[in-house]
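Read the structure below first, then the notes.
A short reminder: the numbers here are calculations on the coordinates, not readings from a lab. It should be emphasised that the depicted structure is a prediction, and the values quoted were computed from it without experimental measurement. Positions of Cβ are generated from backbone atoms using ideal geometry, with glycine treated the same way; all protein chains shown enter the neighbour counts.
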Ligand SMILES: Cc1cc2nc3c(=O)[nH]c(=O)nc-3n(C[C@H](O)[C@H](O)[C@H](O)COP(=O)(O)O)c2cc1C
């Protein structure tokens with residue numbers, strides 16, 4: 001591994017490593033107002049949700065590396081401690097990008113980007129009509145992380161309410177990520193889009209504790225076929241399945257085909273059954289994968 005220390009490269013270069021590695025980052029499209037009531041709208045990808053109760057979002061305007069100047073958004077939240085944080089979907093990317101222009105303080109980026117201001121219910125800064133989700137927030141704290149150029153300033157925002165476009169809700173009333181079509185920021189000028197195959201599901205060990213890779217039978221744990229990811233899927237079960245599972249899936253065509261090859265070529269055992277299990281795991285069929293592996297044990301004994 002190459003080692004890079006912040007003390008040995010320029011602030012810009014280290015920043016590039018950071019923002020290219022910590023990806024994709026969600027984008028807060030932040031609207032704020034100055035003491036005189038001038039509206040500002042700018043994107044911030046040093047952004048995340050960090051607490052549920054109270055509901056807290058944070059973002060971080062970084063002082064200019066070139067001249068140490070502060071972002072208009074930071075000046076605004078110090079003058080008026082309210083913001084709206086709007087979520088950026090794919091349809092909004094170009095307009096969002098345009099608002100990142102370093103316009104002078106007092107210039108309204110809603111107008112510059114052709115976006116529509118909608119009055120908020122509980123805060124003064126307006127929200128973005130075109131955005132699928134908009135949070136109205138009270139700024140609780142501004143936490144400077146250093147002094148001068150490159151220093152971030154964490155803006156801690158308590159969410160007062162959220163507006164959600166009903167078109168992005170699924171049948172169960174929750175936000176459907178495919179309909180949301182959110183974008184994330186990568187390094188440089190690259191973005192990624194959360195849609196299609198980019199969105200996938202993995203089983204979460206929520207209620208029951210998975211046994212863990214260290215508790216898998218040694219023949220499985222030391223398999224030359226199964227990867228770390230395969231083993232983690234297998235280990236995400238509360239206990240090693242029993243013979244009932246084998247009975248349930250014994251007649252599966254993949255298992256039967258592998259078993260036939262296994263019997264012909266005992267020298268390649270248990271690899272053949274491991275390949276069958278791997279194919280099932282690639283399709284997220286963990287039970288069938290276990291059945292293939294347990295049949296393997298049965299055949300050995
Ligand atoms: C997608 C995207 C994400 C950005 N994220 C940040 C960020 O997290 N922090 C930051 O200081 N600037 C960030 N910028 C740059 C600011 O948006 C830019 O400096 C802008 O002019 C700030 O506007 P303001 O001075 O009106 O607040 C980002 C730009 C883009 C396009």
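Couple of notes before you dig in:
- For residue 162 and residue 8, a Förster radius of 35 Å and the Cβ-Cβ distance give a FRET efficiency of 0.20, rounded to the nearest 0.05.
- Note on the chain: Kirkwood radius taken over Cα pairs, Stokes-Einstein applied at 4 °C and 1.567 mPa s, translational D equal to 56 µm² s⁻¹.
- Our summary gives the stretch 107-244 a relative contact order of 12 percent, counting only alpha carbon pairs under 8 angstrom and 6 or more residues apart.
- The stretch 11-198 - percent relative contact order, Cα under 8 Å, separation 6 or more: 26 percent
- Cα-based shape type of the stretch 165-209, given that a ≥ b ≥ c are square roots of the gyration tensor eigenvalues and the cut on a/c is 1.5: oblate
- With viscosity 1.306 mPa s and temperature 10 °C, the Kirkwood radius over alpha carbon pairs of the stretch 213-300 converts through Stokes-Einstein to a diffusion coefficient of 125 µm²/s.
- Efficiency of FRET between residue 122 and residue 256 - r from beta-carbon atoms, R0 51 angstrom, step 0.05: 0.20
- Derived value for the stretch 125-181: Kirkwood hydrodynamic radius 13.8 Å. Basis is the mean of 1/r over every pair of different alpha-carbon atoms.
- For the stretch 37-140: relative contact order, % (alpha-carbon pairs under 8 angstrom, 6 or more apart): 31 percent
- Part-to-part distance (alpha-carbon centres) for the stretch 128-177 and the stretch 17-90, which is given in Å: 9 Å
- Annotation: peptides 218-224, 273-279, 93-99, ranked by per-residue average of other Cβ atoms within 10 Å with the highest first, follow the order 273-279, 93-99, 218-224.
- Out of every Cα-Cα pair that the stretch 135-217 contains, those further apart than 17 angstrom amount to 75 percent.
- Efficiency of FRET from Cβ geometry, residue 211 and residue 105, R₀ 41 Å, rounded to 0.05: 0.10
- Value at 222 nm in deg cm²/dmol, rounded to 500, when DSSP H runs of n ≥ 4 in the chain each add -39,500 (n - 2.57): -8500 deg cm²/dmol
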